[in-house]
Amino acid sequence: MGDDCTGKIVVIIGPSGTGKSTLIQRVKEQFPQLIESISYTTRPRRPSETDGVHYFFISKTEFEEMIEAGEFLEWAKVHDDYKGTGKGFVQKKLEEGKYLLFDLDVQGADSIKEAFPEKAEAIFIAPPSLEELEKRLKNRGTESEKSLEIRLSNSKKEILRKDDYDYCIINDELERAYTELEATVRSILDS
Ligand code: ADP
Ligand code: 5GP
């Protein structure tokens, strides 16, 4: 699978709790032509999540079998759990000339940019500060103390990469950030 088919890819990156899911939900409503790639993960499902909608939730053994079988376009260990993008779905949609939306960590974004240098545009969503990030993650109430600690520690490293991608948007005030994101996605899709 390469860069020779017609579709486009928008990759959203950013530390856990920065507001990616909140913003992506609005992007999907505004741009129904963008199809979100559903990742596979070994992370436990949150009560608010549905299997096959937010992720395909699978066991570690199943994930490792998929790695062995070469079924991932990219995969990474993120915050101690496996996360990965299945090849088949992405290939089919790109061949159909569709526009795809990915929510990935920095490792996944780097892999997708490498696989599709002409097609993929990556947008880093940064928090206004680490203090605000911690507040948002705690308020979301989805993480155990250990998971919170891992996510905040990884965030510090991820934020160092914020200027390495095509765009960086600070999610300070939600409406302002969404307006900037909407304009950015529109310009990518129109290009
Ligand atoms: P991510 O998908 O990046 O992990 P979420 O979209 O789940 O982040 O957002 C984390 C928490 O922060 C949620 O409770 C969400 O409602 C809240 N949030 C998102 N954007 C903002 C913002 N601009 N200001 C304040 N809170 C926000
Ligand atoms: P969460 O556990 O909060 O849903 O996601 C944690 C991190 O995993 C986020 O940075 C998200 O972008 C990333 N992620 C989700 N799916 C994938 C995937 O398929 N591949 C990679 N590399 N990262 C992913």
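The values are calculated or read from the model by the stated rules, or taken from the named source; none is laboratory data. The model shown is predicted, which means the values in this text are computed figures rather than measured ones. Neighbour counts run over all protein chains shown; Cβ positions are idealised from the backbone, glycine included. Ligands, DNA and RNA are stripped out before the accessible areas are found, and what is left, the full protein with its side chains, is counted by its heavy atoms. Shrake-Rupley method; radii C 1.70, N 1.55, O 1.52, S 1.80 Å.
At-a-glance table
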{"read-out": "Any hit, region 15-34, residues being touching a residue at least 24 places away in the same chain (Cβ under 8 Å) and in a strand (DSSP E or B)", "value": "yes"}
{"read-out": "Residues being surrounded by 13 or more Cβ atoms within 10 Å (Cβ to Cβ) and either among the aromatic types (Phe, Trp, Tyr) or within 16 Å of ligand 1 (Cβ to nearest atom) (or both) - total across region 48-73", "value": "7"}
{"read-out": "Residues that are among the aliphatic types (A, V, I, L, M) and farther than 30 Å from SER191 by Cα, drawn from region 113-156", "value": "LEU130, LEU133, LEU137, LEU148, ILE150, LEU152"}
{"read-out": "Test for VAL53: is it of a type in the set (Val, Ile, Thr) and in contact with a helix residue (DSSP H, G or I) (Cβ under 6 Å, 6 or more places away or on another chain)", "value": "no"}
{"read-out": "Residue list for region 151-191, filter: part of a helix (DSSP H, G or I), within 25 Å of PHE116 (Cα to Cα) and in contact with a strand residue (DSSP E or B) (Cβ under 7 Å, 6 or more places away or on another chain)", "value": "ILE159, GLU180, LEU181, THR184, VAL185, ILE188, LEU189"}
{"read-out": "Enumeration of residues in region 1-17 that are in contact with a helix residue (DSSP H, G or I) (Cβ under 6 Å, 6 or more places away or on another chain) and among the polar types (S, T, N, Q)", "value": "SER16"}
{"read-out": "Filtered residues of region 74-105 (kept if more than 8 Å from ligand 2 (Cβ to nearest atom) and crowded, with 21+ Cβ neighbours inside 10 Å)", "value": "TYR82, VAL90, LEU94, LEU100"}
{"read-out": "Tabulated pairs, region 90-108, first over 19 Å from SER155 (Cβ atoms) and of a type in the set (Phe, Trp, Tyr), second modelled with pLDDT under 90 and surrounded by fewer than 19 Cβ atoms within 10 Å (Cβ to Cβ), C-beta under 7 angstrom, 6+ apart or interchain", "value": "TYR99/GLY7"}
{"read-out": "Tally, over region 16-42, of residues that are open to solvent by less than 20 Å² (accessible area, probe 1.4 Å) and within 11 Å of ligand 2 (Cβ to nearest atom)", "value": "7"}
{"read-out": "VAL10 in a helix (DSSP H, G or I), open to solvent by less than 50 Å² (accessible area, probe 1.4 Å), closer than 20 Å to SER191 by Cβ and of a type in the set (Val, Ile, Thr)", "value": "no"}
{"read-out": "Test: residue in region 165-186 that is farther than 21 Å from LYS83 by Cβ, buried (at least 17 other Cβ atoms within 10 Å of the Cβ) and small (Gly, Ala, Ser)", "value": "yes"}
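So that you can scan it fast, the table gives a plain yes or no per residue for (1) within 12 Å of ligand 1 (Cβ to nearest atom); (2) without any contact (Cβ under 8 Å) to a residue 40 or more places away in the chain; (3) under 12 Å from VAL11 (Cα atoms):
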{"position": "SER111", "(1), (2), (3)": "no, yes, yes"}
{"position": "GLU121", "(1), (2), (3)": "no, no, yes"}
{"position": "GLU131", "(1), (2), (3)": "no, yes, no"}
{"position": "LYS135", "(1), (2), (3)": "yes, yes, no"}
{"position": "ASN154", "(1), (2), (3)": "yes, no, no"}
{"position": "ILE159", "(1), (2), (3)": "no, no, no"}
